[in-house]
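Worksheet: the structure to be examined is printed underneath.
The values are calculated or read from the model by the stated rules, or taken from the named source; none is laboratory data. The structure presented is a predicted model; accordingly, all values stated were derived computationally and were not measured. Don't worry about glycine lacking a Cβ; one is built from the backbone with ideal geometry, like all the others, and counts go over all protein chains shown.
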Amino acid sequence: MTRTDENLALTSGEFAHLGEGTVAYLRKMSSDELRERFPGLGEIAPGLELWALFAASGQPILLSDARDRALAGALENDLTPVSIH
């Protein structure tokens, strides 16, 4: 069977679930940026640099002040961590 671009395209629903349950995204973010993105976050000091671990869907999993702890959180949950810049 010959693959075409049509065969390779994902629907938006399929793309939204890509990596779900297997991939976690690691990103360094400021506490200010986190508060803007997640208004329900609660109390967090301004100006902190934190490591955020997100599920493939974008759902936050954990926050840490240390990258190695965020990575450990991914591995403890059998998730493959991928860095986002």
Exercise. Within the range 23-57, which residues are under 19 Å from Val82 (Cα atoms) and of a type in the set (Lys, Arg)?
Worked result: Arg27, Lys28
Exercise. Pairs under 9 Å by beta carbon, first residue surrounded by fewer than 16 Cβ atoms within 10 Å (Cβ to Cβ) and of a type in the set (S, T, N, Q) in the range 61-85, partner assigned to a helix (DSSP H, G or I) and at pLDDT 90 or above, six or more apart or different chains?
Worked result: Thr80/Ala74
Seminar exercise, completed: Okay, strands (runs of 3 or more DSSP E) sitting entirely in the range 28-85 with 2 or more residues that are among the aromatic types (Phe, Trp, Tyr), I get 49-55
